[in-house]
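Report on the following structure.
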Amino acid sequence: MSMTILLESILQTERLKYPTHLSEDELFEYYCADNILVNYDLDSDEIESGLIDGQRDAGIDAAYVFVNAQSLAEDFSFDTVRQPVELELYLIQSKNQYSFKEGPVDKLASSLPLLLDHTKKSADLEPLFKKEVVSVCRDFLDAMGRLADKFPKISIRLFYCCKGSEPNETIKAKAVALETTLKGMQFQNAQFTFLGAQNLYERSGIQKLFVGKLSTASTPLSGSDSFVALSKLRDYVQFITDDGGSLITRIFEANVRAYQGEVEVNREIASSLQEPTAGLDFWWLNNGVTIVADEVSYIKNQLVIKNPLIVNGLQTSHEIHAYASKLPTDDERSILIRVVVEQDPIRRDQIIRATNRQTSIGSSSFRATEQVHREIEDYLLTLGYFYDRRKNAYKRQGKPADKIISIDRLAQAILSVLLQEPHTARARPTSAIKIDADYKRIFSGDKAEQPLEMYGNAIHMLSHIERHFKSMSSEVSRIFRNNLKFHALMVLGWALNESTNLPALRIAQLDPMRITNQQVERVIDWVFNEFDAAGAEDKTAKDKAFTRRLKENWSVDITIS
């Protein structure tokens, strides 16, 4: 059986967990982005946000920017970034074809020198390229400037994917020439990679299951489904890094993933690594690492860990990773490792809270472990939705992307329907609940005040809006689709309620089963027209004035009856 046939089989299997609206070409684009960026642990919304394909796309089908392995969202906080800093630009070409061709490389080679030219302005480039392409490249260059005083390691990763085997020598030479061009523009760490059917197929196994092997310095202590062991620093580095030397982000618990940078505790860890004291092993001076896993076994001096999740020891891991290049080959120091097999979500939450209690991590990092989110998860399951309070837990189980609801996405829905702040939902997609006061308005935990049905109905309505947006994706400018989802959701709530007065208890009483496609279309058309009249720009959708305009102009003429 050829690799192409095997890859086709994988694609059709993966289709079941991807968004339902994808054509064959879009399926391949989505799959390639998901495949290449697996270690960045992106959810479905994050993957879709980077898909670009279309006319004037500069040969780019998907584009992503990462700062210290975190996706550069619109509300990304540069103030929280600490050294060492890594800034990465990923540009992906995904061609649903059976051979590599010169055209895509030529197109990229003619476009990138313009798109990555610091002296060019967006207004100069938008007549030549799609706004989305210009925007992501400008974001990358802007991040370079904002992080300059932190001396970031800057990388550009170019990928060309297809269902063929190997590119010919001419295509390879053109890729090398493009790398040389970028290096001449001061992007010294630029790399072009070709991924054919065999490469993509082999990488697919990474998506389904992660099995880590951690060498131990001696026989570990073992109990019921648990191990305590010492591991050499060099062996631990190998466990937490990929083949390219980058941290494997997805094995770190999402809620405690943020690196705290040059705070006192990290300076102390770094000092103990760089300036060892004779007679003192590293693990004597450090609390070590706690790993929760699905399964673990001890075979031939290795802990074999299925789906490891590091829930404590992130700062230690970052410092060890940063020190790895300086680690002497004869360094025999060790780190303390605790591995616990626990699949019960409540017990996992207890482990996460308990093991982090002595650190400076803020309480907001543990919100996913709160009772209100477990109750929402259980309730949404009865409605056929999967509440992803553990980022990508349901994705790894193969659940359909359209049915997976992240905490951020639910928060945006409640911001729009209950609090009538779609401009906030649009402007702050990832930080809307980081402020305690905002969080409590959305997740009070009081079921008498905010019934679980409120969350369920908000998600039902959002699903109607999103399905309609996706069905019209090829017909409507992306500036409308990117900006107005949550404004349309707010107005749909008004229409169902026949009033703009929509408190939590009333939302819980709404009947989303009354909604039809025609009614959703009327709401969206009305919001689009208002947006056009207000000046169809990103900043309009993020402005409270536009929300106020919708409320002032809305009338029962578009009420759902």
Discussion item. Condition (residue is among the aliphatic types (A, V, I, L, M), touching a residue at least 12 places away in the same chain (Cβ under 8 Å), outside the structural domain of Val304 (by TED's automatic domain parsing) and closer than 16 Å to Arg157 by Cβ) applied to segment 188-199: is it met by at least one residue?
Written reply: yes
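Please count how many residues of segment 214-241 are modelled with pLDDT of 85 or more and either outside the structural domain of Asp294 (by TED's automatic domain parsing) or part of a loop (DSSP other than H, G, I, E, B) (or both).
Residues that pass the stated criteria total 5.
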Practice prompt. Give the residues of segment 155-174 that are surrounded by 16 or more Cβ atoms within 10 Å (Cβ to Cβ), more than 20 Å from the chain's Cα centre (by Cα) and not small (Gly, Ala, Ser), sorted by residue number.
Written response: Tyr160, Cys161, Cys162, Lys163, Pro167, Ile171, Lys174
Worksheet item: For segment 493-561, which helices (runs of 4 or more DSSP H) that fit wholly inside it have 1 or more residues that are surrounded by 15 or more Cβ atoms within 10 Å (Cβ to Cβ) and aromatic (Phe, Trp, Tyr)?
Response: 517-535, 544-553
Worksheet item: Which one of these is out of contact with any Leu (no Cβ under 9 Å at 6 or more places or on another chain) and part of a helix (DSSP H, G or I): Asp124, Asp75, Asp142?
Response: Asp142
Worksheet entry | Of all residues in segment 397-408 being surrounded by fewer than 17 Cβ atoms within 10 Å (Cβ to Cβ) and touching a residue at least 60 places away in the same chain (Cβ under 8 Å), the one that is farthest from Pro512 (Cα to Cα) | Gly398
Worksheet, complete the sentence: Over segment 215-233, the set of residues buried (at least 18 other Cβ atoms within 10 Å of the Cβ) and of a type in the set (D, E, K, R) is Lys232
Worksheet item: Somewhere in segment 31-52, is a residue closer than 23 Å to Leu125 by Cβ, part of a loop (DSSP other than H, G, I, E, B), of a type outside the set (Gly, Ala, Ser) and in contact (Cβ under 8 Å) with a residue 60 or more places away in the chain?
Response: yes
Fill in: Whichever residue in segment 91-116 is part of a loop (DSSP other than H, G, I, E, B) and polar (S, T, N, Q) and, among such residues, is surrounded by the most Cβ atoms within 10 Å (Cβ to Cβ)
Asn96
Worksheet entry | Scope segment 516-540; condition at pLDDT 90 or above and of a type in the set (A, V, I, L, M); matching residues | Val520, Val523, Ile524, Val527, Ala533, Ala534
Discussion item. Looking at Ile414, Ile351, Ile404, Ile442, can you tell me which residue is among the aliphatic types (A, V, I, L, M), at pLDDT 80 or above and closer than 23 Å to Ile310 by Cβ?
Written reply: Ile404
Worksheet item: Ile36: within 15 Å of Ala401 (Cα to Cα) and crowded, with 20+ Cβ neighbours inside 10 Å, yes or no?
Response: no
Item to complete: Can you work out which of the residues in segment 242-267 that are among the hydroxyl-bearing types (Ser, Thr, Tyr) and either at pLDDT 80 or above or touching a Ser or Thr at 6+ places or on another chain (Cβ under 7 Å) (or both) is surrounded by the fewest Cβ atoms within 10 Å (Cβ to Cβ)?
Response: Ser246
Fill in: Gly212 being among the small types (Gly, Ala, Ser) and farther than 30 Å from Gln315 by Cα
no
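The values are calculated or read from the model by the stated rules, or taken from the named source; none is laboratory data. As the structure is a computational prediction, the values presented were derived from the model and not from experiment. Cβ: placed from backbone, ideal geometry, glycine included. Neighbour counts: every protein chain shown.
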